[in-house]
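**Student:** Please see the structure below; I have some questions.
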Amino acid sequence: MRRRVRITVYTLLLAVAVTAVTLRVSGWLNDGESSTPKPNFTEEKTVQIPEGPHQRYLLLHHDRQDIPEAAKTLQNLEMSLRYGKLPYDAMTFEQWRAAPPDLQPYRQGAVILIGEDQSALAHTERLQTYVEETGGLLVSALRSGNSPLTSFFGMESQPVYFEDSMNGMRWQVPVYPGLSEQVLSEERINSTSLDVQLTKGSEVWAESVSPRKIPLLWSTRHGAGSTLYWNTTALYEKSMRGAFLQTLLKASGGAKMTVGSQVWFIDDFPSPAHAQVTPGNRTGLTDYDFRLKRWDPDMQAIAAKYGLRYSAGVIFTYNDQVSLPFALGQNLGHEKLFRLEADLLMGGGEIGLHGYNHQSLNLRYNETQQAELGYRPWPSVTEMKQALIEARRLWQEELKQPLPTMYIPPSNVLSPEGKRALVEVFPELRTISAIYQSNEQLAAFEQEFLPDPDLPQIMGTPRLTYGYDLSADERFDLYGGIGSVGILSHFNHPDDVFHEDRNKGQDWSLLRDRFDQLVGEVQERFPWMRKRTATELADELRGYHAAEVRFDRSQPGVLTAYASPIKQPLFVEARVDAPLKWQVKEGGRIVGTDETHGLLWVEMTEPKLVLTSSVK
């Protein structure tokens, strides 16, 4: 991620070492565990999804004249529902005023208001009836100082805005495993909010941290239904998708689909390691010996302990050459390190391409990127392609292994020109693993877990989190990814321990223990989640996105799910009372429960799944 020391480290092996390394790498790549798991399907299964009642959502939003956060919130919530395979409709306040639809189809879902200016919101009596008599859920996803529904949302009087922003967030109720245990920082949550007094019966779900505690999220009961109010603008952030979906389902019940996979990445394979001590290396060993004797064995032990399968990116040199000719010189004798790192991945992991060198495939950099990365822009696409062609040659002639199907952009930066050049030289690629969320100034290659919009044969498998010792904000991002799309995607750099801006002032033994603790936490909370490589995740995502899904809870004590076509086992995450009292009547098996949060996870193996409760 950060500025790299410009020291050439060759992974080409001396002739005496080539055979040994090839055998080890071959053993891991050809291991039965490392191939994409064969689903229990000889062919895809389909079902005719009925047209009857189902879990559906209506997004009522202001037009483009509202604040910028409103449009971003709409887009973010649409993607959240899309990831959960939850059908929705969207209409503007103006369309709602002209022709309000019947709200009965949204009884099992929710009606969600998005807009700071809600003064012109019409037909509010229909929304109140939808909640009180139909039993629906009405959500305000953005605070509004002039809504005609202020009192209905549980506020005693017309509120006013605080002059100062309200910062941080502390959860008051359990919402989702790992997610609601995190106290978000003032840097993460920084929003203008309303000064409110809540009516009796409103339940606060989250509050601000400073400069004073005020409700940021609360629920209010009305007759057969309820309301949910977000007193913030925070839902426009991608990192809030998990919180949005899980609070939505906690308030209304129901279910969503979840991918149910975790991928653990190692960038820079091998990492910069040489027979000297770089600034920041306080291990008492050279960089090389630290990798050989400490880092690799420790990471192997963690992988063996939890059954992890690392996905790593190969890099052939750390020089900064961007002009012809591209040819590596004398090997520096790092074959032991390479063999040990091959061992690290032999438990069913994956080696993908990280680059010929660590120069991002970019023709130009803005000032922020240049200051942060210090990279050299490529003079032209021709030089880019020639370097990639050299990487392809080295892969074939030295590794003698199947060509990579996964690519990790150096520093998560990749230009459109570089992306096209990459796929032209490596047409075998099936996925690119960059970053899920980045700041605009750094202009990283930000992705969704979707096919690339320019090259649909490439599936996005972005990384959500990074590091050995995660802050509360970073843990919120990790568990938010599980709570939204159902994916954990995390990466580390081996040389982070040498850099104070990345090691948080901790030595390797503490960083190692923190990472071990993190993986153990995930395993304890989500033991049913499968360990996958990046390419396996990409293949699973194609099957996941191909399925049309409907959930129906119209019968008491029964949850029915339909998915068609179903090309692989799919996973359902359901919000239910007394999860231990539920059983599968047909179409799958229960793989996990969480009584504290009222969660049930089910593997769906048939296009129709029926769950029933023994509690009447």
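The values are calculated or read from the model by the stated rules, or taken from the named source; none is laboratory data. The structure displayed is predicted, hence computed values, not measured ones. Cβ coordinates were reconstructed from backbone atoms using ideal geometry, including for glycine residues, and neighbour counts include every protein chain displayed. SASA here: full protein model, heavy atoms, side chains in, ligands and nucleic acids out. Shrake-Rupley method; radii C 1.70, N 1.55, O 1.52, S 1.80 Å.
**Student:** Could I have the simple spin-label model distance between Glu424 and Glu440, label points 7 Å from Cα toward Cβ, reported in nm to one decimal?
**Tutor:** Inter-label distance under the simple model: 3.2 nm.
**Student:** Can you tell me the order of 567-574, 389-396, 227-234 when each peptide is scored by its average per-residue count of other Cβ atoms within 10 angstrom, highest first?
**Tutor:** Numbers: 567-574: 22.5, 389-396: 17.4, 227-234: 26.2.
Answer by packing, highest mean first, reads 227-234, 567-574, 389-396.
**Student:** Fully extended, how many nm does the chain gain between Leu455 and Thr368 (0.36 nm per residue separation, minus their Cα-Cα distance)?
**Tutor:** Details: separation 87, 0.36 × 87 = 31.32 nm, distance 2.77 nm.
Length gained between Leu455 and Thr368: 28.5 nm.
**Student:** State the dimensionless ratio Rg/Rh of the range 485-600 (Rg: radius of gyration of Cα atoms; Rh: Kirkwood radius).
**Tutor:** Numbers: Rg = 19.1 Å, Rh = 17.5 Å.
With Rg and the Kirkwood Rh in hand, the quotient comes to 1.09.
**Student:** Sticking with this structure for a sec: For Ser471 and Tyr161, compute 0.36 nm times the residue count separating them, minus their Cα-Cα distance, and round to one decimal in nm.
**Tutor:** 108.6 nm
**Student:** How about the range 500-551: which trypsin sites (Lys or Arg not before Pro) there lie in a loop by DSSP and see at most 13 other Cβ atoms within 10 Å?
**Tutor:** Nothing satisfies the criteria.
**Student:** 5 Å is the cut-off here: which amide hydrogens, built 1.01 Å from N in the peptide plane, fall below it relative to Thr92, excluding neighbours closer than 5 in sequence?
**Tutor:** HN-HN under 5 Å from Thr92: His61.
**Student:** Just to verify a number: FRET efficiency for Ala275 and Thr199, C-beta to C-beta distance, R0 = 60 Å, to 0.05? Mind showing how you got there, number by number?
**Tutor:** Values: r = 70 Å, r/R0 = 1.16.
Calculated value: 0.30.
**Student:** Right, next: With a ≥ b ≥ c the root eigenvalues of the C-alpha gyration tensor of the range 125-234, is it rounded (a/c under 1.5), prolate (a/b larger than b/c) or oblate?
**Tutor:** oblate
**Student:** Starting from the 7 Å offset along Cα-to-Cβ, what nm value, one decimal, do you get for the label separation of His545 and Gln75?
**Tutor:** Computed distance between label sites His545 and Gln75 equals 1.7 nm.
**Student:** Which aspartates and glutamates does Lys585 reach when only Cα atoms under 17 Å apart count, and residues fewer than 8 places away in its own chain are ignored?
**Tutor:** Counting by Cα, and skipping residues close in sequence, Lys585 has these aspartates and glutamates nearby: Asp552, Glu573, Glu603, Glu606.
**Student:** Can you give me the three principal axis dimensions of the chain from its C-alpha atoms, in Å, biggest first?
**Tutor:** Largest to smallest, the principal-axis extents are 79, 57, 44 Å.
**Student:** Return the FRET efficiency for the residue pair Asp89, Ser210: r is the Cβ-Cβ distance, R0 is 25 Å, and the value is rounded to the nearest 0.05.
**Tutor:** Values: r = 39 Å, r/R0 = 1.55.
For R0 = 25 Å, the calculated efficiency reads 0.05.
**Student:** Follow-up question, since we're still on this one. So if R0 is 35 Å, what FRET efficiency would Glu133 and Glu187 give, r being the distance between their Cβ atoms, rounded to the nearest 0.05?
**Tutor:** Step by step, r from the Cβ atoms, then E = 0.20.
**Student:** Given a cut-off of under 8 Å on Cα pairs at least six residues apart, what relative contact order in percent is computed for the range 119-239? Can you show the working numbers first?
**Tutor:** Details: 256 pairs, mean separation 39.5, N = 121.
Value for the range 119-239: 33 percent.
**Student:** If you don't mind, there's one more thing I want to ask. Can you give the percent of C-alpha pairs in the range 30-151 whose distance is more than 26 Å? If you can, show how the numbers build up before the last one.
**Tutor:** Numbers: 2454 of 7381 pairs.
That fraction is 33 percent.
**Student:** While we're on this one: Which entries in Lys213/Lys256; Lys400/Lys531; Lys250/Lys581; Lys256/Lys419; Lys72/Lys250; Lys581/Lys608 show an alpha-carbon gap greater than 28 Å? Intermediate values should be presented prior to the final figure.
**Tutor:** Details: Lys213/Lys256 32 Å; Lys400/Lys531 26 Å; Lys250/Lys581 18 Å; Lys256/Lys419 33 Å; Lys72/Lys250 24 Å; Lys581/Lys608 20 Å.
The pairs that break the limit, which is 28 Å between Cα atoms, are Lys213/Lys256; Lys256/Lys419.
**Student:** Can you pull the one-decimal nm distance between simple spin-label points at Ala122 and Asn146, each 7 Å off the Cα toward Cβ?
**Tutor:** Between Ala122 and Asn146, the label points sit 1.8 nm apart.
**Student:** Sticking with this structure for a sec: State the extension gain, in nm to one decimal, for the chain segment bounded by Asp577 and Gln401, taking 0.36 nm per residue of separation less the distance between their alpha-carbons.
**Tutor:** Computed gain between Asp577 and Gln401 is 58.3 nm.
**Student:** Now for a separate question. Quick one: net charge of Glu446's neighbours, Cβ under 10 Å, K/R +1, D/E -1?
**Tutor:** Numbers: positive: Lys238; negative: Glu440, Glu448.
Surrounding charge for Glu446 is -1.
**Student:** Sticking with this one: Please calculate the 1.4 Å probe accessible area of Leu455, with all protein chains present, and give it to the nearest 10 Å².
**Tutor:** For Leu455, the solvent-accessible surface is approximately 30 Å².
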